[in-house]
Amino acid sequence: MNNLQDWPEPIVRVQSLSESGLHTIPDRYIKPPPDRPSLTIFDKAVVDANIPIIDLTGLFGEDELLHARIQDEISSAAHQWGFFQVLNHGVRPELMDRAQEAWRDFFHLPMEMKQAYANSPNTYEGYGSRLGVQKGAILDWSDYYFLHYLPLSLKDYNKWPASPTDLREVIDEYGKEVVKLCGRLMKVLSTKLGMREDHLQNAFGGNDIGACLRVNFYPKCPQPDLTLGLSSHSDPGGLTMLLPDHQVAGLQVRKDGKWITVKPARHAFIVNIGDQIQVLSNANYKSVEHRVIVNSAHERVSLAFFYNPKSDIPIEPIKDLVAPDKPALYPPMTFDEYRLFIRTRGPQGKSQVESLKSPRCCSS
């Protein structure tokens, strides 16, 4: 893993900075002017815009017309936006609420209890405050907790917080339900590519897939116009199921060159297409740049569940989607090889997936 054993500088917990009462943020968190968020937007179309919201009621029912309409909505959103929200998705609202509150409780534990789970860049598993190992990098205004859920060989309850006392049980149940929902969405995405419904899932490794959870904690920030909670990036994996803080907006999606602040619906998941599905679909489905802004008055907690291919399977465009007039845009690469980029450099917009494109495919 390129000797990713330790962080290049001492780790500072952003929550500690926030709670110290400082009025200006350290230089390490100040983004270059082009990357800073614009918190004052006068374009009404941008203010009013939102990613598609799709009601999944009836998706697997007997009403074929309703079933087809929902499939079309999902496919269209995956193609045009790379993002959408889903309602009535089958995951119990009370489970979603408890998962979020359990993690909020964790981040408000005494620092010494959280420090027992401090992570390293070798696996990222545990309690963290930075991505990437580039010395002197501009950092994001956030802390996080990362853990593996699948495969079972990587699932280690001892690396999950023991407090709050029900957190492990809640996250185990939450993970089962979200994995089930991801499998349903994969069938739709596969079918709408003209494939058998299990084609994408089989390309991921069938039942032998990867899944992990990143819980994001965005503390209050005295200068939210100078920094970001999470820098611009596209997700390197397959599908992301985000449980946002519905009371505090923060996620921004790049659409037609503009940043749109997502308005979260209560008890909805925000779904986004990752780079691996963009590659498999030969860019029929798009992974899209997104980032997170922070807030001077409110903290935020969000849960990002990543549904990924088996780490050692080469991922490349599906053969049936390749033709003389539609050449394969990407060479084969395993997910292990691909995500090393993120672990080394941190979030870098869409530069990784774009850099993979073959020059002969993209010269026109």
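The values are calculated or read from the model by the stated rules, or taken from the named source; none is laboratory data. Everything numeric in this text was worked out from a predicted model, so none of it was measured. Cβ coordinates were reconstructed from backbone atoms using ideal geometry, including for glycine residues, and neighbour counts include every protein chain displayed. Remember, those area values only see protein heavy atoms, side chains included, never the ligands or the DNA or RNA. Shrake-Rupley method; radii C 1.70, N 1.55, O 1.52, S 1.80 Å.
The table below gives the values:
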read-out: Solvent-accessible area, 1.4 Å probe, carbon plus sulfur percent, for the chain; value: 52
read-out: Neighbour cut-off at most 11 other Cβ (10 Å), DSSP loop, trypsin sites (Lys or Arg not before Pro), the range 113-163; value: 135
read-out: q = 0.14, 0.22 Å⁻¹: log10 I(q)/I(0) that the Debye formula gives for the range 165-224, counting C-alpha atoms only; value: -0.58, -0.90
read-out: Length-normalised contact order for the chain - Cα pairs under 8 Å, 6+ apart - percent; value: 21
read-out: ³J(HN,Hα), Karplus 6.51/-1.76/1.60, whole Hz, each residue of the range 324-331, x for Gly, Pro; value: x, 8, 9, x, 5, 7, 9, x
read-out: Hz values of 3J(HN,Hα) by residue in the range 223-232 - Karplus curve (6.51, -1.76, 1.60), Gly and Pro given as x; value: 9, x, 7, 9, 9, 9, x, 8, 5, 4
read-out: Nearest-0.05 FRET efficiency for residue 296 and residue 27, computed from C-beta distance (R0 30 Å); value: 0.95
read-out: Computed magnitude of the charge dipole of the range 249-318 (debye, nearest 20; Cβ of K, R +1, Cβ of D, E -1); value: 380
read-out: Rg(Cα)/(2.2 N^0.38 Å) for the chain, N = residue count; value: 0.96
read-out: R0 of 35 Å, Cβ-Cβ distance residue 116-residue 337: FRET efficiency to nearest 0.05; value: 0.65
read-out: In order through the range 304-317: 3J(HN,Hα) via Karplus (6.51 cos²θ - 1.76 cosθ + 1.60), integer Hz, x for Gly, Pro; value: 9, 9, 9, 10, 10, x, 3, 5, 10, 8, x, 9, 8, x
read-out: Full-stretch length increase - residue 169, residue 248 - with 0.36 nm per residue and alpha-carbon distance subtracted; value: 25.8 nm
read-out: Heavy-atom accessible area per residue - the chain, 1.4 Å, Å²; value: 44
read-out: Cα gyration tensor shape for the range 116-170, rounded if a/c is under 1.5, else prolate or oblate; value: prolate
read-out: Dipole moment magnitude, nearest 20 debye, the chain about Cα centre, only Lys, Arg, Asp, Glu C-beta charged; value: 760
read-out: Efficiency of FRET between residue 6 and residue 57 - r from beta-carbon atoms, R0 56 angstrom, step 0.05; value: 0.70
read-out: CD proxy at 222 nm, helix term only [per DSSP H run n ≥ 4: -39500 (n - 2.57); per residue of the chain; nearest 500]; value: -8000 deg cm²/dmol
read-out: Sequence of 241, 113 from largest to smallest accessible area, 1.4 Å probe; value: 113, 241
read-out: Restricting the range 169-276 to trypsin sites (Lys or Arg not before Pro) in coil, as DSSP defines it, with at most 11 other Cβ within 10 Å; value: 266
